[in-house]
Structure formats: structure tokens, C-alpha cells
Amino acid sequence: MTQGPILSLLTFLPMVGALFILTIRGDAEVVARNARNVALWTSMINFLLSLVIWVNFDSSTAKFQFVEESQWMPAFGITYKLGVDGISMFFVLLSTLLTPICVLASWESIQTRIKEYMISFLIMETFMIGMFCALDMVVFYVFFEAVLIPMFVIIGVWGGPRRVYAAFKFFLYTLAGSVLMLLAILAMYFDANTTDIPTLMAHRFPAALQAWMWLAFFASFAVKIPMWPVHTWLPDAHVEAPTAGSVILAAVLLKFGGYGFLRFSLPMFPEASVLFTPLIYALSIVAVVYTSLVALAQEDMKKLIAYSSVAHMGFVTIGTFTLTVQGIEGAIFQMLSHGVVSAALFLIVGVVYDRMHSRDIATYGGLVHRMPAYALVFMLFMLASVGLPGTAGFIGEFLVLVGAFQVNTWVAALAATGLILGAAYMLYLYRRVIFGALTKDSLKAILDMSPREIAVFAPLVVLVIWMGVYPTPFLDVMHVSVANLLTQVQASLDAGAAVAVAGR
């Protein structure tokens, strides 16, 4: 099976499920039940298929694996090409894991247009997987932009009172940067005469052209991460999105920018990457410190977690541009752990929101007396977000700081303040929601987590502890690919320096 078009099957199986849901007919109750079941089974089968790919993945080589290639637009040299390496493998797994969790989390909370909702999620899964597997720039761009459509619909249709404003703000911010990236892709095509990503990674672009193309890609990736100061769309989108929409937005869509830096900016524009590294460090440190302080001031649980996401992704950009093995592996691991932990935290908010229809921290207090299982699960993910040793959050942040310390001790020291501020706002949130006396009458009849909610959190609990206690299976897969990336970058920098010396 792994010798066939397994990546195409993985990518487009959710689309098949969406088309099947589209054909469902009957009364509203039957349609809703069947739509939920088809979406859940399709996404679970797809997750099992991604596990097959992981099990058969060869971590001893940096080459792209399970590669599929066929002509798409031969007159322009554009091909439909898919493949995965140690950098993209876990992002595919993250996408396939969280989709069935989101479907299950939406089982009861979504009660209108259920058929369309499930179709939107399955279509979005296809686009997310396709983006991480794409090995042609045009294919990548199509999937990269297409993800905006189902997320725009999910926020705009099933979101909160200001959903239309938040959906348009999300769409316009992310689309604006991507237009510049499209122009850079055209410039790359005319310079290298190909859109094949592995070929472009080996091609040496002129230094002057690199700077402009790096900035064009940066405009798109910085919004997606998002970096300060283009992060303002994120809190609005999170607050208005339904719970599952916030989960996918934080856990997967925010990783598009970090993945883009690793896949394109570093290998294709190494000289420009080195040139603009101080800019990245400055923006990242501001993001870590400033958005952590903003998170401390929030009274809305979702907004607090949204601002914490900006701070955590600041660690990702710092680690990526340290150009060290520890820094880059830490950045990838941080993206994966943040994907799991932030997803869990938004689901945590969703549990009490479904009961009380409020995200205000002041609404709660003393929940440990009525919801002990909820308090325990919340504590685990809160501590993982803080970066407690033994949880997934610790490994990535530690490796990033190790990599940053090798390059610039001031960057490492300033980034480390984010750990202290992170502990402050997360512990503050947990104390106000969970501890204290149960004085509010509205909370005295609140029920603990249901079996369905426990099933939603169970795989995330296992994953957070596994990644924190035994990260080797994850680091081993990415190690060779990261080492190869750094070798490519250094070779390009050496070649550029040789050309510069010869030109004098």
C-alpha cells in the first residue's frame, strides 16, 4: 500500500467523505446523525492511514518519501507532486489527529446546519494535508490559500455575535500577505524555470533577488504565525470561532507560517535569512514579552489563550532562525506541542462554555468542587502550556533556548522571560476558574465531563505526557532532515561568500 498513491489517498479521502455527506437525504435528525457519523469515521480512517505512513517512514534519510508525481500543466513545467520528509511528517499527523477530535467535540455543541459544518471540516482537512505534502510551488499555493475558504465559512456561519467581522478580518489579513508570496513564486519560476520545490531548494538565487523574495514570503508567513504586529486578527478570530474552529486555527493553521520558513525561507533564501535574522529576533521577543503581558490582562478565557499562542509562536521563530540543530528541532517540536496543548486548552474552554454559555473568567470559580475530572485535565494542559518538565511544552522551549543561547545570549535571556510570564497568566487563569469557594448559584448544578468529552481529551493527555517523557521517537524522525537543511543552508552561504570574494 505504501508503494501506491498513499499520500493522494490521505489527502483526498476527506473530500470523498464530504461529497458523500453532500448526498445524504432525509429529515433533519437523520441527516444530522449520518453527517456526524460519516465525518467521524472518514477522519478516523484518515488518521489510521497517516499512522501507516509514520510507521513506514524511514528516519535515516533526508529524502522526500512516498513521492507521487504526474503532469498537471506540462507546458509550464508544473506538476502535481506530493511527498513528506522529517519536517512535514508530524504536521500531517497533527492535522489527521485533530480532525476527528474536532468532529467529536462538535457532536452536541453544533445544532444548526450540521451537514454543511461537517463538510467544511472535511474539506479543510484535505487542504491542510495537501499543503504539508505539496512538493510543487503551485500545488502548495493552491492548498495554502484554499484553507482560508472553509475556515472563513466556519467562523462566519457558526461563530459568535461578531462572527462576520472576525471572519472578514481573518480572510483579508491572511490573503493580503499571500498576494506578495504569489509574486515571489512567479519571480522564482522565471529565475529557475521550474516550480519543483526540491529543485528550487537546490537552486541558488541571486542575493539581491533573495532579499525581495524573502520579504514577500515573510509577509505571508508572518501573518499566518502570527508575528507581532500583524497578530491582531487572531484574538478576534478565536473569540468568535466555534470551539472546534479555534482548535484547528490554533493547532494547525498557525503552523503554516513556521512550516513555510523551514520549507522555503531558509533553504531557498539563506543569505536573506541571515540578513533578516535580527529583525526576526526583535519581532519575536516583542511577541513573547508584549503578548504575554496582554494575556495577563484578559478577562475572556479564549482571548487569553489566543494571546498566549502568539507568545509561544515567538519561540518558534526564534528557534527557526538560530540555524542550529537544537533551535530548529526545538521550533518544530514546539509547533507540535503547541498544536496539541492549545487544541486541548480551547477544548477545555468549550466544555464550560457549552454548559454556561460564557467565556468570562469572572463567571467561574470553585469548579473543582463540582468538576474534579475537569480540574485534573485542565491542570495537566495548563502545566504543559507553562512548560513543566515531563510535559510536551518543556522539550521544545528548552531546545529553542539552548539553540538561542549558542547564537545570542541576550535573545535567549529575553525569550526566557516568556516562561515566567506564561506561568503567571496560566496559573492566574487556573486559580480563578478552578479554585476558591463555589459561591455562584449558577455553578452549583454544573456537571463534570461526559464520557464523550473524556474520549476527546484522552488521546491529547496521552500525547502530552508521551512527548514530554519520551520525545525520542519525534526527534529521531526530524533529526536527519534538519541536519540536511542546515547543511544546504551552510553550503549556499559558503557559495555566496565565495562569489562575493571573487567579485572583488
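The values are calculated or read from the model by the stated rules, or taken from the named source; none is laboratory data. What you are looking at is a predicted structure, and each value in this text was computed from that prediction instead of being measured. Using ideal geometry, Cβ is built from the backbone for each residue, glycine included, and neighbour counts are taken over all protein chains shown.
What do you reckon, is L427 of a type in the set (A, V, I, L, M, F, W, C), out of contact with any Gly (no Cβ under 9 Å at 6 or more places or on another chain) and surrounded by fewer than 18 Cβ atoms within 10 Å (Cβ to Cβ)?
Details: of a type in the set (A, V, I, L, M, F, W, C): yes; out of contact with any Gly (no Cβ under 9 Å at 6 or more places or on another chain): yes; surrounded by fewer than 18 Cβ atoms within 10 Å (Cβ to Cβ): yes.
Yes.
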Of everything in the range 362-372, what is buried (at least 17 other Cβ atoms within 10 Å of the Cβ) and hydrophobic (A, V, I, L, M, F, W, C)? Give them in sequence order. L367, V368, M371
Give me the helices (runs of 4 or more DSSP H) completely within the range 245-302, filtered to those with at least 2 residues that are more than 22 Å from the chain's Cα centre (by Cα), surrounded by fewer than 19 Cβ atoms within 10 Å (Cβ to Cβ) and at pLDDT 90 or above, ordered by residue number. 277-296
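What about G83, is it under 20 Å from the mean Cα position of the chain (by Cα) and either outside any helix (DSSP H, G or I) or among the acidic types (D, E) (or both)? Reasoning before the result, please.
Numbers: under 20 Å from the mean Cα position of the chain (by Cα): yes; either outside any helix (DSSP H, G or I) or among the acidic types (D, E) (or both): yes.
Answer is yes for this residue.
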Looking at (1) surrounded by fewer than 18 Cβ atoms within 10 Å (Cβ to Cβ); (2) touching a residue at least 40 places away in the same chain (Cβ under 8 Å); (3) aromatic (F, W, Y); (4) closer than 30 Å to I119 by Cα, which one does Y189 not meet, given that it meets all the others? (4)
Flagged in the range 151-165 as within 19 Å of the chain's Cα centre (by Cα) and either outside any helix (DSSP H, G or I) or crowded, with 23+ Cβ neighbours inside 10 Å (or both), in numbering order, are M151, I154, I155
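So, in the range 53-80, exactly how many residues are part of a strand (DSSP E or B), out of contact with any Pro (no Cβ under 7 Å at 6 or more places or on another chain) and of a type outside the set (S, T, Y)?
Quick first cut of the range 53-80, residues part of a strand (DSSP E or B) only: 65-73, 78-80.
Of the ones still in play, those that are also out of contact with any Pro (no Cβ under 7 Å at 6 or more places or on another chain) are 65-67, 69-73, 78-80.
With the extra rule that they be of a type outside the set (S, T, Y), the set shrinks to 65-67, 69, 71-73, 78.
Of the residues in that region, 8 qualify.
Tell me, yes or no, whether the range 490-498 has at least one residue that is assigned to a loop (DSSP other than H, G, I, E, B) and surrounded by 15 or more Cβ atoms within 10 Å (Cβ to Cβ).
Initial filter on the range 490-498 (assigned to a loop (DSSP other than H, G, I, E, B)): none.
There is no residue in the range 490-498 that is assigned to a loop (DSSP other than H, G, I, E, B) and surrounded by 15 or more Cβ atoms within 10 Å (Cβ to Cβ).
Being touching a strand residue (DSSP E or B) at 6+ places or on another chain (Cβ under 8 Å) and either more than 26 Å from V142 (Cβ to Cβ) or surrounded by 16 or more Cβ atoms within 10 Å (Cβ to Cβ) (or both) is true for just one of E68, E29. Which residue is that? Walk me through how you get there before you give the answer.
Details: E29 fails: touching a strand residue (DSSP E or B) at 6+ places or on another chain (Cβ under 8 Å).
Result: E68 is the single residue among E68, E29 that is touching a strand residue (DSSP E or B) at 6+ places or on another chain (Cβ under 8 Å) and either more than 26 Å from V142 (Cβ to Cβ) or surrounded by 16 or more Cβ atoms within 10 Å (Cβ to Cβ) (or both).
On the given criteria, is G418 surrounded by 15 or more Cβ atoms within 10 Å (Cβ to Cβ) and either at pLDDT below 90 or touching a strand residue (DSSP E or B) at 6+ places or on another chain (Cβ under 6 Å) (or both)?
Taking the combined requirement at face value, the residue satisfies it.
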Out of contact with any Pro (no Cβ under 7 Å at 6 or more places or on another chain), free of Cβ contacts under 8 Å to residues at least 12 places away in the same chain, under 30 Å from L93 (Cβ atoms) and surrounded by fewer than 23 Cβ atoms within 10 Å (Cβ to Cβ): is that true of T199 in this structure? yes
